[in-house]
Amino acid sequence: MNKIEHLIVDTAGFIDKAPLQDFGVNIHTIQEVVNEVTNKRQKTDLSVLPYTLNIKTVFPEHIQFVVDFSKKTGDYPNLSVTDIKVIALAYQIHKENYGIDGLNAEPISKSVVFEKPQVNESTVGFYDPDRLSDDVSELDIDDGWITENNIKDINKSNGDDLTEQEAKVGCITTDYAVQNVLKQIGLSIIALDGRVIKEVRTYIRRCYGCFTLTSNMTRLFCPKCGNKSLKRVAVYLDENGKQCIYINGKRPLNLKGKKYSLPKPQGGKHAVNPRLVEDQPMPHQRPSRLAKSKTNALDPDYTAKLSPFATKDVYSKSAMLGFKGSVQKQWMKRNPNESNKKCKK
């Protein structure tokens with residue numbers, strides 16, 4: 001097996017305990033990936049690695065490139081901050097060592113025709129009763145089964161064994177959205193147990209109320225009817241070059257937030273209300289002046305956190321409400337109409 005010169009690892013590489021030293025020569029990751037490993041056993045394995053793990057810092061211009069690229073492919077809403085930084089790190093290492101020749105700056109639209117798959121008579125791993133005849137020997141019978149001796153050849157023929165490709169920079173991940181962006185940029189993907197995409201796709205949003213299409217994946221509400229009824233669909237070009245959409249009828253619509261009645265609207269600068277329309281005025285959730293003075297180092301009354309004269313804000317409205325940057329949403333609970341009181345057993 002040919003090792004990759006630079007291997008970028010996602011969280012799945014550490015969780016699945018993949019032998020990364022067999023895949024790459026130089027192993028790279030980011031600090032956010034290491035922070036996602038919270039299991040005690042996984043932390044122990046991470047502290048005694050049989051290879052050197054390089055923690056890298058991603059430059060802002062590379063993060064912005066991945067953000068703009070993922071918005072054009074339609075995968076931006078499904079990517080976390082850690083996923084974007086992992087893709088940006090792979091792009092950064094490829095740019096620093098081998099340049100950007102061979103990498104795509106824009107997603108390439110390809111003509112894809114969805115056809116019904118045909119069943120192959122000689123599919124490996126399936127039982128064929130017609131082959132059991134008197135003139136068939138037992139080598140012939142075992143020829144169609146998956147064994148320990150032919151599993152590597154079968155994975156290679158199906159395209160699942162991507163580690164034997166001659167690639168200099170690769171990323172090991174099981175997230176399909178990350179793989180879709182990596183493949184469209186032109187970066188190599190390392191498969192774990194065959195969990196890799198076979199083709200790239202571009203996504204847009206479609207309103208299932210008025211059937212309006214929009215390519216802005218950051219929108220929450222339909223630009224025509226104004227309802228929160230946008231759904232992600234795959235877009236492709238047919239053999240005539242016409243843009244078509246692929247709607248998965250088997251996937252039901254998300255009924256989250258439509259089962260219970262809406263909570264009573266609240267007022268005030270620290271109100272937390274569900275966003276129902278796009279132009280709904282939302283509170284800024286600003287902290288108090290005392291909280292701002294603790295973080296502003298240029299303030300004349302600034303005191304360090306370890307100072308014995310540091311003050312703690314306990315009397316302002318935001319402190320009494322427990323506002324620390326994120327407010328617990330009542331309607332996100334199992335039943336938004338249940339009581340907020342917590343009884344002690």
Any idea which residue in the range 1-16 is least open to solvent (accessible area, probe 1.4 Å), counting only those that are part of a loop (DSSP other than H, G, I, E, B) and in contact (Cβ under 8 Å) with a residue 40 or more places away in the chain? Asp10
Qualifying positions in the range 184-214 - at pLDDT below 85 and part of a loop (DSSP other than H, G, I, E, B): Ala191, Leu192, Asp193, Gly194, Arg195, Val196, Ile197, Lys198, Glu199, Val200, Arg201
Within the range 237-256, can you find the residues that are within 16 Å of Cys207 (Cβ to Cβ) and of a type in the set (A, V, I, L, M, F, W, C)? Ile245, Ile247, Leu253
In the range 198-227, which residue that is closer than 19 Å to Asn78 by Cα and among the hydroxyl-bearing types (Ser, Thr, Tyr) is most open to solvent (accessible area, probe 1.4 Å)? Ser215
Test for Arg195: is it open to solvent by 20 Å² or more (accessible area, probe 1.4 Å) and in the same structural domain as Tyr76 (by the TED database): yes
Flag for Ile63 being under 20 Å from the mean Cα position of the chain (by Cα) and more than 30 Å from Lys242 (Cα to Cα): yes
The one condition Val58 fails out of (1) surrounded by fewer than 16 Cβ atoms within 10 Å (Cβ to Cβ); (2) in a loop (DSSP other than H, G, I, E, B) is (1)
Within the range 74-91, the residues that are surrounded by 19 or more Cβ atoms within 10 Å (Cβ to Cβ) and not in a helix (DSSP H, G or I) are Gly74, Asp75, Leu79
Name the single residue that is nearest to Glu199 (Cα to Cα) among those in the range 228-242 being within 26 Å of the chain's Cα centre (by Cα) and open to solvent by 70 Å² or more (accessible area, probe 1.4 Å). Arg232
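Let's see how each residue does on (1) of a type in the set (Ser, Thr, Tyr); (2) open to solvent by 20 Å² or more (accessible area, probe 1.4 Å); (3) at pLDDT 85 or above; (4) part of a helix (DSSP H, G or I):
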residue: Ala18; (1), (2), (3), (4): no, no, no, no
residue: Val25; (1), (2), (3), (4): no, yes, yes, no
residue: Val34; (1), (2), (3), (4): no, yes, yes, yes
residue: Asp45; (1), (2), (3), (4): no, yes, no, yes
residue: Ile63; (1), (2), (3), (4): no, yes, yes, yes
residue: Lys72; (1), (2), (3), (4): no, yes, yes, yes
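The values are calculated or read from the model by the stated rules, or taken from the named source; none is laboratory data. No experiment lies behind these values; they were computed from the predicted model shown. Cβ sites come from the backbone with ideal geometry, for glycine too, and all protein chains shown count toward neighbours. We work out accessible area using only protein heavy atoms, side chains counted, and drop any ligands, DNA or RNA first. Shrake-Rupley method; radii C 1.70, N 1.55, O 1.52, S 1.80 Å.
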